[in-house]
Amino acid sequence: MKVDDKNLRPIWLDENLKTIKVIDQRLLPHEFIIVDLNNVDDVIMAIKDMYVRGAPLIGVTAAYGVYLAALNCPDNQTANGFLTKECDRIKSARPTAVNLAWAVDKVFSKIKKAKDRQEKIDAALKEACSIEEKEVENCRKIGEYGLALIDEISSKKKGETVNVLTHCNAGWLACVEYGTATAPIYAAFEADIDIHVWVDETRPLNQGSRLTAWELGKHGVKHTVITDNAGGHLMQHGMVDMVIVGTDRTTYTGDVANKIGTYLKALAARDNNIPFYTALPSSTFDWNLKDGIKEIPIEERDPDEVRFVQGLDHKIVRNVLVPPENSPAANFAFDVTPARLVTGFITERGVCKAAEADILRLFPEKRV
Ligand code: MRU
């Protein structure tokens, strides 16, 4: 996507074909730093410590991680044995986004049959690039299908501003290009629909106020950062026309895991009769899980992410402590919104209801 007239992705392969370059998202919007990932340890660190984050981008980074594993396989190891262990290590970097294991398995399945070392390296690179480009195309299509929904609201409002509320960052920074939740927003903006986005700040790491606000601002999309607790009030006063969020893992029955706080937005939206959509590529469906609340693993992260807040202080990015020094904190990173609260899914194959039968209508090849 365009940043200050330059085309940018959050990840790319260096010309030397040995290094993956990523934007360090921990420091945005106040510092723009590009970091080199040269081996599997670097990739795991980047995913765990959230230099890169967001389900599709975690998947793409992991795919390149398998490529780096193939590239750095020591001569004295059986390639498949070594790669199996490296793939397991990458898969354990973060638990909730299903794209991680999906991408690793996809690349590994292409390389395990390759005859020699060079063939494995070539196959891994080809598959990682293909995953990246397919996710870009998926997000583009999500934008097209979501645009129709926004256009309908705009027509009903006779061209008045359409107000969309979003939580976390499900933008291009989380996905490579377009984003999932933001793809329909960008498409509506390009189609000259009057659109405005309420951006939940998204504590504790503020992916909304740091990343979504930055992205939308760089693109020229009207937006306003709000506290995580403001959405219900805005909905009660007719100031939200629709909610669009992304997801880290969605069951084939329609339960949606996304950044902590999403569930509360869905409850408020239902109470106020406001459509609540989840935008996702097929790589984020978990075709094996039926009950999201019981079965989706919810990551618990360092409580210090809750206790400290990061911001700019006299041009220096600093962390400051908010609660009393000795107060314990808990950091549940995701929650699950049950299918019954979700109006629909916006996918690369179209829009469907949050129900097994309708999801499988769009993805018939996943029927058992
Ligand atoms: O902890 P994060 O920042 O990786 O969480 C990201 C989210 O919850 C996003 O909404 C989700 O991954 C969808 S990204 C298109």
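The numbers here are math on the coordinates, done by the rules we state, and not lab data. What you see is a predicted model; the values in this text were computed from it and never measured. For neighbour counting, all protein chains shown are included, and Cβ atoms are generated from backbone atoms with ideal geometry for every residue, glycine included.
Brief remarks follow.
- Neighbour-count ranking [beta-carbon atoms within 10 angstrom, fewest first] of Asp192, Asp36: Asp192, Asp36
- Highest mean first, the peptides 125-132, 268-275, 322-329 sorted by other C-beta atoms within 10 Å per residue fall in the order 125-132, 268-275, 322-329.
- Centre separation in Å (Cα based) which lies between the stretch 198-217 and the stretch 225-261: 13
- Residues Met45, Met1 in ascending order of nearby Cβ atoms (within 10 Å, fewest first): Met45, Met1.
- With a simple spin-label model that places each label point 7 Å from the Cα along the Cα-to-Cβ direction, the separation between Lys6 and Arg89 comes to 3.2 nm.
- Pairs from Lys18/Lys366; Lys158/Lys218; Lys91/Lys218; Lys91/Lys134; Lys18/Lys115; Lys18/Lys112 whose Cα-Cα separation, in the structure shown, is over 25 Å: Lys18/Lys366; Lys158/Lys218; Lys91/Lys218
- Ranked Cys73, Cys168, criterion: other C-beta atoms within 10 Å, fewest first: Cys73, Cys168
- Cα long-axis angle, helix 262-271 against the chain (0 to 90 degrees, to the nearest 10): 30
- FRET efficiency for Gln118 and His237, using Cβ-Cβ distance with R0 set to 51 Å, rounded to 0.05: 0.25
- Charging the Cβ of each Asp and Glu at -1 and of each Lys and Arg at +1, and nothing else, the dipole of the chain about its Cα centre rounds to 600 debye.
- Extension reserve of the Gln77-Glu295 stretch, reckoned as 0.36 nm per residue once the Cα distance is removed: 74.9 nm
- Karplus-derived 3J(HN,Hα), 6.51/-1.76/1.60, for each residue of the stretch 50-65, Hz, glycine and proline x: 6, 4, 10, 7, x, 3, x, 5, 4, x, 5, 4, 4, 4, 5, x
- Each principal axis of the Cα cloud of the chain was evaluated for its coordinate range; sorted largest first, these ranges are 67, 53, 44 Å.
- An ellipsoid equivalent to the stretch 23-119, defined through the eigenvalues of its Cα gyration tensor, has semi-axes of 26, 14, 10 Å when rounded to whole angstrom and sorted largest first.
- Residues whose placed amide H lies under 5 Å from that of Gly171, excluding near-sequence neighbours: Thr180
- By average C-beta atoms within 10 angstrom, highest first, the peptides 297-310, 47-60: 47-60, 297-310
- Between Glu160 and Asp194, the distance separating the two model label sites (each 7 Å from Cα on the Cα→Cβ line) works out to 0.9 nm.
- In sequence order, the stretch 286-296 has phi-based couplings of 9, 7, 9, 9, 9, 10, x, 5, 7, 10, 7 Hz under the Karplus curve 6.51 cos²θ - 1.76 cosθ + 1.60, θ = phi - 60°, and Gly or Pro positions carry x.
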